[in-house]
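The values are calculated or read from the model by the stated rules, or taken from the named source; none is laboratory data. Treat the numbers as computed from the prediction; the structure is a model and nothing was measured. Here the Cβ positions follow ideal geometry from the backbone for every residue, glycine too, while neighbour counts run over all protein chains shown.
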2 protein chains.
Amino acid sequence: MTTEHISSHLQRLWSPEVRTLEPYVPGEQPKIDNLLKLNTNESPFPPSPKVAEAIIKVLNEHAEPGNSLRLYPDPDASALKQAIAAQQQLSVEQVFVGNGSDEVLAHIFKAFFIQDKPILYPDISYSFYPVYSQFFNLKVIQVPLADDFSLDVTGYQQPNGGIIFANPNAPTGVFLPLDKIEVILQQNPDSVVVVDEAYVDFGGQSATSLISKYDNLVVCQTTSKSRALAGLRIGMAFAQPHLIAALERVKNSFNSYPMDRLAIAGGVASFEDQAYFEQTCQQTIDNREQLVAQLTELGFEVLPSKANFIFTQHPQYAAMEIAAKLREVGIIVRHFNKPKIHNFLRITIGTTAQQNRLVARLGEIC
Amino acid sequence: MTTEHISSHLQRLWSPEVRTLEPYVPGEQPKIDNLLKLNTNESPFPPSPKVAEAIIKVLNEHAEPGNSLRLYPDPDASALKQAIAAQQQLSVEQVFVGNGSDEVLAHIFKAFFIQDKPILYPDISYSFYPVYSQFFNLKVIQVPLADDFSLDVTGYQQPNGGIIFANPNAPTGVFLPLDKIEVILQQNPDSVVVVDEAYVDFGGQSATSLISKYDNLVVCQTTSKSRALAGLRIGMAFAQPHLIAALERVKNSFNSYPMDRLAIAGGVASFEDQAYFEQTCQQTIDNREQLVAQLTELGFEVLPSKANFIFTQHPQYAAMEIAAKLREVGIIVRHFNKPKIHNFLRITIGTTAQQNRLVARLGEIC
């Protein structure tokens with residue numbers, strides 16, 4: 001039911017601020033046969049086989065199937081934090097986990113960004129940032145990206161109550177090197193700087209290596225992309241313990257048990273299978289480079305991507321039109337009808353076969 | 001890391017309001033051998049065996065184990081909403097689901113209670129209500145329970161921006177009949193009245209039957225108690241569609257995908273197995289009546305309970321002392337060190353064998 005259909009008489013019962021919320025719109029999940037879904041940046045490869053094994057083990061812990069589910073999970077998800085810390089070479093006190101990185105980001109906004117000064121983020125970035133800002137009634141300054149879609153570090157020198165950006169950026173895929181991130185961290189010693197690294201495992205470099213050096217840095221990651229666990233909802237944040245403590249305070253004032261028993265066990269198994277992780281990330285990178293070459297051949301311009309997607313435009317064909325034509329043949333890519341990027345398409349990296357199907361269709365369209 | 005250990009220099013980076021948050025403290029989950037855990041109101045019985053079956057089916061949907069987990073879940077959890085609606089005899093538009101009823105409650109506070117007037121709840125009730133109130137910076141009036149720990153309906157006639165109470169109440173187990181709830185609903189036509197029914201399936205009567213009649217009623221329930229799925233994190237709210245729409249707006253401004261694929265599938269299976277649900281609820285009720293008889297025999301006073309726990313005191317022995325002595329022999333019950341109830345213990349209903357172990361020990365103590 002959309003807001004328009006609800007009378008003001010019935011809306012009287014809502015919190016006034018909820019009437020003006022503009023919720024996030026996730027990439028669609030249509031149920032169409034033989035659909036090629038290249039619109040939500042899911043992995044084309046399955047998760048580590050150890051994930052399913054670990055989940056089935058939890059279900060069979062007792063004589064009765066599923067009996068372990070009658071008990072609350074560990075509210076602290078300690079086992080998961082330990083597995084993540086070991087893989088990331090961090091201490092457990094530097095790790096926070098939540099119900100997908102969206103929940104982690106929401107808690108980050110509450111923990112650090114409720115400030116008198118405005119928070120700063122790029123004008124083109126993850127479209128959930130403006131939603132959180134509205135949810136928490138924040139003042140915001142959107143800092144324009146440079147003309148080449150790179151992050152303009154000089155824009156983050158103005159007074160602010162916090163900074164957040166995705167790296168690689170979404171939906172562009174463009175990566176900001178760590179030396180530039182250090183400039184932002186150093187210029188803003190009294191602001192928390194959040195680097196949202198949902199896509200960092202595909203050739204980027206994580207800012208986790210900077211955590212010991214900067215007491216104002218928070219790094220956010222997810223298992224939804226590089227670990228092929230979008231269906232299991234595990235996100236995490238890394239920072240010095242005093243920032244993690246703020247996140248724990250917020251989490252424990254909102255929902256004590258966000259991670260269910262199966263997600264905890266599956267997450268542990270994923271983080272313990274480093275070889276599989278590295279292999280599938282490399283395969284994604286290889287496929288990306290192949291797709292970039294194929295698209296370039298067809299006359300597309302592709303932004304330099306370090307993500308599991310590419311952001312591309314064609315000088316002769318409108319993005320919206322290409323997207324519509326692809327949809328007719330069961331291929332879905334993502335189009336953002338927004339200033340500066342309305343002629344771009346975001347295309348998720350797939351298997352070689354999937355990409356060949358896409359490229360064949362694009363060859364007919366363009 | 002507790003707040004006390006964090007210097008004000010490091011706390012400079014927190015949102016100021018986070019410094020004063022007092023997070024919820026869940027019942028402890030100690031890892032002790034042969035522990036008898038009667039402190040967090042989990043079911044002593046396993047969930048329906050169909051839950052584990054359904055989860056394993058999701059894991060085996062594709063040739064590669066766990067491959068379905070690479071895809072995002074349905075953000076709307078439609079299958080789960082449908083199963084719940086069918087069991088509750090509601091329409092899908094009257095159902096909201098979330099990551100445990102704690103998350104659902106948090107969204108309820110945001111969706112309805114951000115008002116100029118104070119919200120009302122009982123002075124003795126679920127201890128997360130004050131935490132949410134602080135989280136959302138609400139004005140609150142705590143309405144005293146009557147001397148017999150029943151809810152005093154006359155206390156809810158004062159001007160307010162919303163009302164919430166647990167029914168049966170926690171931690172007392174005392175149930176408020178629906179005719180009294182109707183009085184509150186009628187006296188407060190411009191406030192949302194939330195009936196938190198985490199424990200309603202053990203002999204209480206649900207207010208869902210009143211939803212079609214009152215446009216200001218929200219009923220909240222959970223699968224953590226009567227469906228033995230505390231480990232899976234599924235909560236739900238029922239109301240007329242204009243109130244569900246407000247909850248969806250809030251949810252989609254916070255976390256689009258709070259329900260993972262396995263929780264959705266397990267939840268569906270649980271709601272489809274009505275016979276198993278009814279049988280285990282009845283067994284819990286039977287065990288409760290047995291425990292009440294045994295404790296009364298030992299001189300305990302037990303409040304009338306419609307929950308899967310009882311709230312009890314002994315005229316000669318201090319509750320804190322009894323709890324300490326039980327702990328020495330590996331039995332954990334819950335004690336709240338709060339005014340009016342500091343001499344009570346909340347004891348979760350167990351299996352007959354568990355309860356006999358408890359009663360034997362109490363016989364030695366009292």
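Key figures
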{"item": "Pick from the range B:38-57, criterion of a type in the set (A, V, I, L, M, F, W, C) and more than 8 Å from every other protein chain (Cβ to nearest Cβ), ranking: surrounded by the fewest Cβ atoms within 10 Å (Cβ to Cβ)", "result": "B:ALA54"}
{"item": "Breaking point among (1) surrounded by fewer than 24 Cβ atoms within 10 Å (Cβ to Cβ); (2) among the hydroxyl-bearing types (Ser, Thr, Tyr); (3) within 12 Å of the chain's Cα centre (by Cα), for B:THR208", "result": "(3)"}
{"item": "Residues within the range A:6-37 that are more than 7 Å from chain B (Cβ to nearest Cβ) and touching a Pro at 6+ places or on another chain (Cβ under 9 Å), tallied", "result": "2"}
{"item": "Filtered residues of the range B:304-322 (kept if surrounded by fewer than 20 Cβ atoms within 10 Å (Cβ to Cβ) and either farther than 20 Å from B:VAL333 by Cα or within 24 Å of the chain's Cα centre (by Cα) (or both))", "result": "B:PRO304, B:GLN313, B:MET320"}
{"item": "Check on B:PHE300, at pLDDT 95 or above, in contact with a His (Cβ under 9 Å, 6 or more places away or on another chain) and of a type in the set (A, V, I, L, M, F, W, C)", "result": "yes"}
{"item": "Elements of type strands (runs of 3 or more DSSP E) in the range A:80-143, at least 2 residues being touching a residue at least 60 places away in the same chain (Cβ under 8 Å), touching a helix residue (DSSP H, G or I) at 6+ places or on another chain (Cβ under 7 Å) and in the same structural domain as A:ALA246 (by TED's automatic domain parsing)", "result": "A:95-98"}
{"item": "Residue match in the range A:122-136 (condition: modelled with pLDDT of 95 or more, β-branched (Val, Ile, Thr) and under 17 Å from A:LEU247 (Cβ atoms))", "result": "no"}
{"item": "Per-region count, the range A:238-265, residues facing another protein chain (nearest Cβ under 7 Å), in a helix (DSSP H, G or I) and either among the charged types (D, E, K, R) or touching a residue at least 24 places away in the same chain (Cβ under 8 Å) (or both)", "result": "9"}
{"item": "Residues located in the range B:23-57, provided they are assigned to a loop (DSSP other than H, G, I, E, B) and among the β-branched types (Val, Ile, Thr)", "result": "B:VAL25, B:ILE32, B:THR40"}
{"item": "Failed criterion for B:VAL292 (all others in (1) buried (at least 24 other Cβ atoms within 10 Å of the Cβ); (2) out of contact with any Lys or Arg (no Cβ under 7 Å at 6 or more places or on another chain); (3) closer than 24 Å to B:ALA360 by Cα hold)", "result": "(1)"}
{"item": "Boolean, A:LEU138 is crowded, with 19+ Cβ neighbours inside 10 Å, within 12 Å of chain B (Cβ to nearest Cβ) and not charged (D, E, K, R)", "result": "yes"}
{"item": "Lone qualifier among B:VAL183, B:VAL219 - being farther than 23 Å from B:LYS340 by Cα, more than 14 Å from every other protein chain (Cβ to nearest Cβ) and surrounded by fewer than 20 Cβ atoms within 10 Å (Cβ to Cβ)", "result": "B:VAL183"}
{"item": "Contacts under 9 angstrom Cβ, first residue in the range B:47-65 being under 17 Å from B:LEU229 (Cβ atoms), partner aromatic (Phe, Trp, Tyr), 6 or more apart", "result": "B:PRO47/B:TYR276; B:SER48/B:TYR276; B:SER48/B:PHE277; B:PRO49/B:TYR276; B:LYS50/B:TYR276"}
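Quick grid of which residues meet (1) within 14 Å of chain B (Cβ to nearest Cβ); (2) of a type in the set (D, E, K, R); (3) over 23 Å from A:ALA246 (Cα atoms); (4) without any contact (Cβ under 8 Å) to a residue 24 or more places away in the chain:
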residue	(1), (2), (3), (4)
A:ALA166	no, no, no, no
A:LEU176	no, no, yes, no
A:ASP179	no, yes, yes, yes
A:ASN188	yes, no, no, no
A:VAL192	yes, no, no, no
